[in-house]
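My structure is below; once you've seen it, I'll send some questions.
The values are calculated or read from the model by the stated rules, or taken from the named source; none is laboratory data. Everything quoted here is computed from the prediction, not taken from an experiment. Neighbour counts are summed over all protein chains in view; Cβ atoms, including those assigned to glycine, are modelled from backbone coordinates with ideal geometry. Accessible surface is based on the protein model in full, side chains and every heavy atom, while ligands, DNA and RNA are left aside. Shrake-Rupley method; radii C 1.70, N 1.55, O 1.52, S 1.80 Å.
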Amino acid sequence: MKKYSYASGINDEPLLGLTISEAFEETVSRFPKTEAVVSKHHNIRHTYEQLEIRVNQCVKAFLAIEIQKGDRVGICASKCVEWLIVQIATAKIGAILVNINTSYQTYKLEYASNYLGCKSIVIADKN
């Protein structure tokens, strides 16, 4: 049996008790054709079903480079669909997503990556 640790204030509605991955999978199964994400700036629209395909592609890519549960994966990206995809993919693997400041110069990015113990870094294209 899984046990999760969390604190919750007084509330009539209990917390769901689901991981990000579990909540995403449940939502995909309930609303596969519903729009999940829209990025006007990047001209992207994905249903939950389409988003799941992209997430699973990202999971496969991480597994191909041997990202495992507990590994740290850095991400250096502004608000974009790819950030969401990487967030869900790392959650599915059990990896730890580490946000890295997008304004860092190369030497600061390298230092932060090494200091934080990132096994890999995802860097978004500048748009």
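Does the range 76-105 hold any residues that are at pLDDT below 95 and assigned to a loop (DSSP other than H, G, I, E, B), and which are they?
Selection gives Ala77, Ser78, Lys79, Cys80, Ile100, Asn101, Thr102, Ser103, Tyr104, Gln105.
Tell me, please, whether a residue that is farther than 18 Å from Val122 by Cβ and in contact with a Phe, Trp or Tyr (Cβ under 8 Å, 6 or more places away or on another chain) can be found in the range 64-78. Write out each step before concluding.
So the first thing to find is which residues in the range 64-78 are farther than 18 Å from Val122 by Cβ, and the list is none.
Scanning the range 64-78 turns up no residue that is farther than 18 Å from Val122 by Cβ and in contact with a Phe, Trp or Tyr (Cβ under 8 Å, 6 or more places away or on another chain).
Just a yes or no: is a residue in the range 78-97 more than 12 Å from the chain's Cα centre (by Cα) and of a type in the set (Phe, Trp, Tyr)?
no
What are the residues in the range 35-52 that are outside any helix (DSSP H, G or I), touching a residue at least 12 places away in the same chain (Cβ under 8 Å) and of a type outside the set (A, V, I, L, M, F, W, C), if any?
Here is the first cut: in the range 35-52, the residues outside any helix (DSSP H, G or I) are 35-47.
Then keep just the ones that are touching a residue at least 12 places away in the same chain (Cβ under 8 Å); that gives 35-37, 39, 41-42, 44, 46-47.
Across the range 35-52, the qualifying residues are Glu35, Ser39, His41, His42, His46, Thr47.
Considering each of Ser103, Ser113, Ser78 in turn, give the residue that is buried (at least 18 other Cβ atoms within 10 Å of the Cβ), more than 22 Å from Leu18 (Cβ to Cβ) and out of contact with any helix residue (DSSP H, G or I) (no Cβ under 9 Å at 6 or more places or on another chain). Please lay out each step first, then the result.
Numbers: Ser103 fails: buried (at least 18 other Cβ atoms within 10 Å of the Cβ); Ser78 fails: buried (at least 18 other Cβ atoms within 10 Å of the Cβ).
Of the residues listed, the single one that is buried (at least 18 other Cβ atoms within 10 Å of the Cβ), more than 22 Å from Leu18 (Cβ to Cβ) and out of contact with any helix residue (DSSP H, G or I) (no Cβ under 9 Å at 6 or more places or on another chain) is Ser113.
If a residue must be more than 14 Å from Cys80 (Cα to Cα) and open to solvent by 60 Å² or more (accessible area, probe 1.4 Å), how many such residues does the range 35-61 contain?
So the count comes out to 6.
Conditions (1) modelled with pLDDT under 95; (2) touching a strand residue (DSSP E or B) at 6+ places or on another chain (Cβ under 6 Å); (3) assigned to a loop (DSSP other than H, G, I, E, B), marked per residue:
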position: Lys2; (1), (2), (3): yes, no, yes
position: Tyr6; (1), (2), (3): yes, no, yes
position: Phe24; (1), (2), (3): no, no, no
position: Pro32; (1), (2), (3): no, no, yes
position: Arg54; (1), (2), (3): no, no, no
position: Ala61; (1), (2), (3): no, no, no
position: Gly74; (1), (2), (3): yes, yes, no
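Could you tell me which numbered condition Ala64 fails, if it satisfies all but one of (1) of a type in the set (A, V, I, L, M); (2) closer than 18 Å to Glu25 by Cβ; (3) open to solvent by 30 Å² or more (accessible area, probe 1.4 Å)?
(2)
Could you tell me whether any residue of the range 15-34 is among the β-branched types (Val, Ile, Thr), crowded, with 17+ Cβ neighbours inside 10 Å and under 14 Å from the mean Cα position of the chain (by Cα)?
No, the conditions are met nowhere in the range 15-34.
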